[in-house]
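Take a look at the structure below.
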Amino acid sequence: MNVPNNLKYAKSHEWAKLDADGTITIGISDHAQEALGDIVFLELPDVGRVVKAGEEVAVVESVKAASDIYSPVSGEVIAANSATADAPESVNTDAYGSWLFKIKPSSPAEYEALLDAAAYAKVAESE
Amino acid sequence: MTATQTQRTPLYDTHVAAGAKIVDFAGWDMPIHYGSQLEEHHTVRRDAGMFDVSHMLAIDLVGNDAQRWLRHLLANDVAKLTLPGKALYSCMLQDDAGVIDDLIVYFFTPQQYRIVVNAGTAEKDLAWMQKQSAGFDIQLTPRRDLAMIAVQGPNARDKFWAAFPASKAVSESLAVFQAAQWNEWLIARTGYTGEDGFEITLPSLVAARTWLALQTVGVAPIGLGARDTLRLEAGMNLYGQDMDESVGPLESGLGWTVDFKDAARNFIGRKKLEAQNPARKFVGLLLLDRGVMRSHQKVVTPHGAGETTSGSFSPSLNQSIALARVPAAVVIGDEVAVEIRDKQLKAKVVKPNFVRHGKSLLQEKSS
């Protein structure tokens, strides 16, 4: 299982990366893309939307099912990745390169409270 | 979890060894895909793939009244089968015309047939058949000793013959929906994908060996995931999803399989069907907006609401398609709305078949 050490994770299988400017980039884990199968459609949040941690903000649809994506942190959506939306299969080939959206966090402590790679790997393995 | 024991086909170990992702389908541990469902779909449209369909049940029927009984039991008329090996697709109906199952019946002689039914309905079907057999000289034998492998795709037959050259003599001249016996195998030119190919019924003992021989000549294993997108593109109904006991064949796009021609043939469900004026019809939907339709989504039309019965992303058309039951006044070409996660997305009503033999059947591709 591919679980990079430099990222944080939510139990609901999103990854989060803290960038140098304090924004947080979010995508879905390699485990999640594998469970979903071939991804064919992404519905991403509008820029400017203010979200709470745990709120449904995006949808990933594979050939077989739709899956809700939750924001791991609270804050404002400052970017949605149209390149990924235009090529949804890139999430299958590169789950950690194909980010979905960026959040300007309102409560940075939420990021620190997310799972680290080792803890997330255990969650994913137990499924 | 109080799961009942799932069943396994003779090819289960072969699937696991090939890295298949296994899911519970109708009580059976079946491969959903072996890596990429999309690639498997395209392989069948462009080359050749094989499916383990051993979960379906073959039932042998013999007896002096076999033909008379089937003409009573089934909505389609087996009397039109006169060539040995010829097959017929039919619904088996309740008295109220609800669909108990859809099945294929193969004719050998008027005293000898084989019926192939769905996995999830097999026990229910057998019970119904036994119940309807009173007063008829027939015998039913479920053949759980048999496995079934479907080889499908434009190159399926050639690759099958490459693996089993000796079978070519009996199978080369088969018309569509016709089968031939080859030793202990039944080779049928049927399928559930909209592509050419064979469905092979064979002894379970040789299933794994046969599967591997086909793989050696370049037939790729295909999971049930791609089987579903292939049959949906081909506009083929899935029992339990597109129709069941609560709905009749005329509202399920299966009117063409109901044969009323012989007025003296009083098949089960006939009276009810003749009294019916269907309020709903079965159509295809092509999603014009971006998204993916799924089953049981509401369809909003100027004539009232309908419902999608099957929906998915179509790998061949690269957009979402669905089968739907809508008010009878809706016509091909209408624009309707499908409710997906509290949004109404635009869809076009089309004939319920989208792709055949690798080609789109849509007149113009909408973007």
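The values are calculated or read from the model by the stated rules, or taken from the named source; none is laboratory data. This structure is a prediction, so every number in the text was calculated from the model and none was measured. Neighbour counts are summed over all protein chains in view; Cβ atoms, including those assigned to glycine, are modelled from backbone coordinates with ideal geometry.
Check segment B:10-21 and report whether any residue there is within 19 Å of B:Arg189 (Cα to Cα) and surrounded by fewer than 20 Cβ atoms within 10 Å (Cβ to Cβ). For segment B:10-21, residues within 19 Å of B:Arg189 (Cα to Cα) and surrounded by fewer than 20 Cβ atoms within 10 Å (Cβ to Cβ): absent.
Within segment B:129-150, does at least one residue satisfy the condition of being at pLDDT 95 or above, in contact with a Phe, Trp or Tyr (Cβ under 8 Å, 6 or more places away or on another chain) and under 30 Å from B:Pro221 (Cβ atoms)? So far as segment B:129-150 goes, yes, one or more of its residues are at pLDDT 95 or above, in contact with a Phe, Trp or Tyr (Cβ under 8 Å, 6 or more places away or on another chain) and under 30 Å from B:Pro221 (Cβ atoms). Scanning segment A:80-112 for residues that are within 13 Å of the chain's Cα centre (by Cα), assigned to a strand (DSSP E or B) and touching a residue at least 60 places away in the same chain (Cβ under 8 Å) gives A:Phe101, A:Lys102, A:Ile103. Out of B:Ser295, B:Ser310, B:Ser316, report the one residue that is touching a Phe, Trp or Tyr at 6+ places or on another chain (Cβ under 8 Å) and polar (S, T, N, Q). Answer to the selection: B:Ser316.
Against the definition (within 13 Å of chain B (Cβ to nearest Cβ) and touching a residue at least 12 places away in the same chain (Cβ under 8 Å)), how does A:Lys64 come out, yes or no? Judged against the criteria, A:Lys64 is a match. Just checking, does segment B:19-32 include any residue being of a type in the set (Lys, Arg), within 14 Å of chain A (Cβ to nearest Cβ) and assigned to a strand (DSSP E or B)? Checked against the condition, which is being of a type in the set (Lys, Arg), within 14 Å of chain A (Cβ to nearest Cβ) and assigned to a strand (DSSP E or B), segment B:19-32 yields at least one hit.
Filtering segment B:276-288 to residues that are over 14 Å from B:Val330 (Cβ atoms) and at pLDDT below 95 leaves B:Gln276, B:Asn277. In segment A:38-61, of all residues being away from chain B (no Cβ under 14 Å), in contact with a strand residue (DSSP E or B) (Cβ under 7 Å, 6 or more places away or on another chain) and assigned to a loop (DSSP other than H, G, I, E, B), the one that is surrounded by the most Cβ atoms within 10 Å (Cβ to Cβ) corresponds to A:Arg49.
Residues considered: B:Asp47, B:Asp77. Of these, the only one that is touching a residue at least 60 places away in the same chain (Cβ under 8 Å), closer than 22 Å to B:Asp137 by Cα and acidic (Asp, Glu) is B:Asp77. Candidates in segment B:33-44 are the residues that are of a type in the set (S, T, N, Q) and part of a helix (DSSP H, G or I); of these, the one that is farthest from the other protein chains (Cβ to nearest Cβ) is B:Thr43. Does A:Ala80 satisfy the criteria of being surrounded by fewer than 17 Cβ atoms within 10 Å (Cβ to Cβ) and aliphatic (A, V, I, L, M)? It is false that A:Ala80 is surrounded by fewer than 17 Cβ atoms within 10 Å (Cβ to Cβ) and aliphatic (A, V, I, L, M). The single condition among (1) part of a loop (DSSP other than H, G, I, E, B); (2) modelled with pLDDT under 95 that A:Ser12 does not meet is (2). When A:Ala35, A:Ala20 are checked against the criterion of being part of a loop (DSSP other than H, G, I, E, B) and out of contact with any strand residue (DSSP E or B) (no Cβ under 8 Å at 6 or more places or on another chain), a single residue qualifies: A:Ala20. The sole residue among B:Thr193, B:Thr210 that is touching a residue at least 60 places away in the same chain (Cβ under 8 Å) and within 15 Å of B:Thr43 (Cβ to Cβ) is B:Thr193.
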